[in-house]
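Read the structure below first, then the notes.
Every read-out reported here was derived from the displayed coordinates using simple, explicitly stated rules and does not represent laboratory data. This structure is a prediction, so every number in the text was calculated from the model and none was measured. Here the Cβ positions follow ideal geometry from the backbone for every residue, glycine too, while neighbour counts run over all protein chains shown.
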Amino acid sequence: MDSPRENVLELEVQGLTFVGPDTIKSGWTTIRVINKGGMTHHALIYRLPDGITAEMVDEQVVVPIQQSLTAAIAGDTEKAAAIAATMPAWVGDLTWLGGPGMMSDGVTGEATMFLEPGNYIVECYVKTNGVQHNYNPEPGEFGMVFPLTVVAEDGGMPEPDANVTLTLSNSGYEISQGAFVPGENSVRVNFAEQQLYNNFVGHDAHVFRIDEGTDVDAAARWPDFFPIDGQQTPAPARFVGGIHDMPEGTTGYFKLTLEPGDYGITAEIPNAKESGFFQRFSVAAAE
């Protein structure tokens, strides 16, 4: 029996760079990121509006956000707010389309989404020592801002199967079907409802392992980018994958390799736990 066709873009984290092919066929598309970068990363995928380039994203979005962050770290909140207010209007036309969620060093993150032909960015904006991974101080060079072209040719990949379905609504997470198992899991994520927080991020799902001594509250808060210490490495827990925000009414998938133990799912939004966007689950050892 023939195995289903795959349409996979495989990227490797080397230092603070995504390395791999910059073109993929359209339709159901798997973005696989092998994190060998020595720290926690993620890989948000978003589509660029017509006429917007990766250079424009770098110069008009990444650089000002970094400058605003630097001012906030220095305690100049007025300057930080003034810089943040310079975002171009077209930022509102970027379309978040998933991508692998938070992954600690040594983790391979994998997310599958339906991508239409167009120009995209794969981006990591985790912070280390107050500097975003997508920021590169050298003019004309990119940090973890990876331009991707999705071509019109259909990759022919079928929609994935899943052993767990996670539904996201405005009131939080619901594991609506299935259960997590030891080993490989395929998670279907139904974005039943979506809304913007801080004019930038929406509901998503990032999974971390809860070990003895893990500060669960700190780990649940950590993906919130906006506090100065948000997404600042090192992460307070081992993140094992997930999926970034997608538009309301869409479906995405992500894979997890899980050992027996306890885990938490959290979101990159303010006050995730208080908003219903924290779900704890356990994986029992195979009998």
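One table, with the values for the structure above:
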quantity: Contour minus Cα-Cα distance for Ile228 and Asp50 (0.36 nm per residue); calculated: 60.8 nm
quantity: Spacing of the two label points (7 Å from each Cα toward its C-beta) at Met87 and Asn119, in nm; calculated: 2.1 nm
quantity: Under 13 Å from the Cα of Lys255 - aspartates and glutamates, other chains or at least 8 residues apart; calculated: Glu110, Asp161, Glu184
quantity: Rounded to whole Hz, the Karplus (6.51, -1.76, 1.60) HN-Hα couplings of segment 274-284, x for glycine and proline; calculated: 5, 8, x, 9, 9, 10, 9, 8, 10, 10, 7
quantity: Inter-label distance, nm, simple model (7 Å from Cα along the C-beta direction), Ser169/Glu10; calculated: 4.0 nm
quantity: Test item: Cα-centred dipole of the chain, Lys/Arg +1 and Asp/Glu -1 on Cβ, debye; calculated: 260 debye
quantity: Label corresponding to semi-axes √(5λ) of the Cα gyration tensor in Å when calculated from the structure given, among [x] 33, 23, 16; [y] 37, 23, 16; [z] 28, 24, 17; calculated: [z]
quantity: Cβ-based net charge around Asn170, under 11 Å, with every Lys or Arg adding one and every Asp or Glu removing one; calculated: -2
quantity: Summed residue charge, Cβ within 12 Å of Ile73's Cβ, Lys/Arg positive, Asp/Glu negative; calculated: 0
quantity: Inter-probe distance in nm under a simple model that places probes 7 Å from Cα toward Cβ, at Ser282 and Gln60; calculated: 5.2 nm
quantity: Segment 250-287 and segment 104-140: distance between their alpha carbon centers, rounded to Å; calculated: 21 Å
quantity: Cross-link reach list, lysines versus Lys127, counting only Cα pairs under 18 Å and skipping chain neighbours closer than eight places; calculated: Lys36
quantity: Protection proxy ranking, peptides 19-29, 90-100, average beta carbon neighbours within 10 Å, highest first; calculated: 90-100, 19-29
quantity: Proxy reagent accessibility, fewest Cβ within 10 Å first, across Met102, Met246, Met157, Met87; calculated: Met87, Met157, Met246, Met102
quantity: Inter-part distance where segment 1-33 and segment 38-63 are each reduced to a Cα centre, Å; calculated: 18 Å
quantity: Furthest towards positive pole of dipole, Val151, Tyr120, Gly109, structure part the chain, Cβ charges; calculated: Gly109
quantity: Cα-centre dipole for segment 164-283 with unit charges at Cβ (Lys and Arg positive, Asp and Glu negative), debye to 20; calculated: 220 debye
quantity: Mean Cβ count within 10 Å, highest first, over the residues of peptides 128-137, 113-122; calculated: 113-122, 128-137
